[in-house]
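Here the structure comes first, spelled out in structure tokens, and everything after it is commentary.
The values are calculated or read from the model by the stated rules, or taken from the named source; none is laboratory data. What you are looking at is a predicted structure, and each value in this text was computed from that prediction instead of being measured. A quick note on method: Cβ atoms are made from the backbone with ideal geometry, for glycine too, and the neighbour counts reach across all protein chains shown. In case anyone asks, the SASA skips ligands and DNA or RNA and just uses the protein heavy atoms, side chains included. Shrake-Rupley method; radii C 1.70, N 1.55, O 1.52, S 1.80 Å.
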Amino acid sequence: MNRPTMNDLAKTANVSLSTLNRLLHGTGTVRAETIDRILDAADKIGFYGLGALRQRKRQNLPHRRLAFLMQQSHRPLYQLWAEGITSASTLRSDAVIKPEVVFEDDLSPEAVSMNLLKMGESADAIAVITADHPLVSQAIDELRARGIPVVAYVTDLSAASRAGFVGTDNWKRGRTAAWFISQTTDGPGTVVPLVGSNRYQCQDIADASFRSYMREHAPEIHVSETLLTHEVPENAYAIVRRLIDEEPDLRGIFVNGGGISGVLRALRELLPEQQRKIRIVCSDIGPETRKGLSEGLITASLCHPLERMPRELIDVMLRLIERRDAASIEQRIVPFDILTPESMWT
């Protein structure tokens, strides 16, 4: 049987020989749907240059440099998010993506703003996780003026120039946390919300909705003032140790931000009968949280999906690059995962 020729491939794919030559030799652009039709035809007839055609398809795709500004390199949660972003970037079939993930341990708005502007020198689009602040908004304004879209990730920002937001419904997250604690605690008592910073919109919204649910459905439970951990486990540990000493009727803690490892450390110092009286709901999905779930110390974790979130983020960033001048803000809300001691994966 004779080996299929270029003429055979052109006939099967219903394209001209000049189109095949442009694709094989990289001498011009070929529409994506035409390339797919040629590849299908090459596979069907067993064309000898299938590997070269696939390589040309990749070279013909748009090349995008996407930058991602993360926080706190020492936190396993941020490392997991970074891994998810890198993995999702390689799976895109419609673009060749070069991801640049930057960790910033300095959470000050000055450091965040400086990083955003620096990343904007080479990136086609930027995603950022940060607390809301006017300095950050100014940096996003400047990037927008340069034609570089900035997407708020996980927690939204007030910057009018931001191009999009990808995250969960934080109003539902706070009320769901309140539901878990109110339904599983024994009798009246005190529950304490913890946040990393009042400038994280995701935490502030969840804190408000947590209180909303408790007022509406569990008036017998006293919700104390919200306490700040500054996303530091040692701070969370000290806060929980003090609460245990000062609040004999402590029934629950909503860890609405970082610090879960410090909370768990404090609980592990208690007797089992004391541990069972305190319900913990958090928003983490790292190894320490999974350990706390397996030990029964955490009642539930309401966390961001590790695979879907980065896929949605990259999809939004690529769309925004194609329509840089769009005035509207693209919002993509992703349902949060609910992990319990009986449902968690290992």
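Find the helices (runs of 4 or more DSSP H) located wholly in segment 258-307 whose residues include 1 or more that are buried (at least 24 other Cβ atoms within 10 Å of the Cβ), and list them. The qualifying helices (runs of 4 or more DSSP H) are 260-268, 287-295.
Basic (Lys, Arg), free of Cβ contacts under 8 Å to residues at least 60 places away in the same chain and farther than 19 Å from Ala178 by Cα, is that true of Arg242? Considered against the rule, which asks whether it is basic (Lys, Arg), free of Cβ contacts under 8 Å to residues at least 60 places away in the same chain and farther than 19 Å from Ala178 by Cα, Arg242 comes out as yes.
Gly147 meets all of the listed conditions (1) on the phi < 0 side of the Ramachandran plot; (2) out of contact with any Gly (no Cβ under 9 Å at 6 or more places or on another chain) but one, namely (1).
Of all residues in segment 1-45 being exposed (fewer than 13 other Cβ atoms within 10 Å of the Cβ) and part of a helix (DSSP H, G or I), which is modelled with the lowest pLDDT? Among residues in segment 1-45 that are exposed (fewer than 13 other Cβ atoms within 10 Å of the Cβ) and part of a helix (DSSP H, G or I), the one modelled with the lowest pLDDT is His25. Filter segment 316-327 for residues that are in a helix (DSSP H, G or I) and either within 8 Å of the chain's Cα centre (by Cα) or over 18 Å from Glu100 (Cβ atoms) (or both) and give the result. Selection gives Arg319, Glu322.
In summary, Arg199 fulfils each of the numbered conditions (1) modelled with pLDDT of 95 or more; (2) open to solvent by 30 Å² or more (accessible area, probe 1.4 Å) with the single exception of condition (1).
When Tyr78, Tyr48 are screened for being over 23 Å from Asp94 (Cβ atoms) and modelled with pLDDT under 85, only Tyr48 passes.
Which one is most open to solvent (accessible area, probe 1.4 Å) among residues in segment 138-167 that are assigned to a loop (DSSP other than H, G, I, E, B) and touching a Leu at 6+ places or on another chain (Cβ under 8 Å)? Don't jump to the end; show me each part of the working.
The first filter runs over segment 138-167 and keeps only residues assigned to a loop (DSSP other than H, G, I, E, B), leaving 146-149, 154-163.
Of the ones still in play, those that are also touching a Leu at 6+ places or on another chain (Cβ under 8 Å) are 149, 161, 163.
Details: Pro149: 10, Ser161: 27, Ala163: 9 Å².
Result: Ser161.
For segment 224-241, the set of residues classified as over 14 Å from Ile278 (Cα atoms) and not hydroxyl-bearing (Ser, Thr, Tyr) consists of Glu225, Leu227, Leu228, His230, Glu231, Val232, Pro233, Glu234, Asn235, Ala236, Ala238, Ile239, listed by residue number. Just one of the listed residues (Asp315, Asp325) is in contact with a strand residue (DSSP E or B) (Cβ under 8 Å, 6 or more places away or on another chain), acidic (Asp, Glu) and open to solvent by 10 Å² or more (accessible area, probe 1.4 Å), and it is Asp315.
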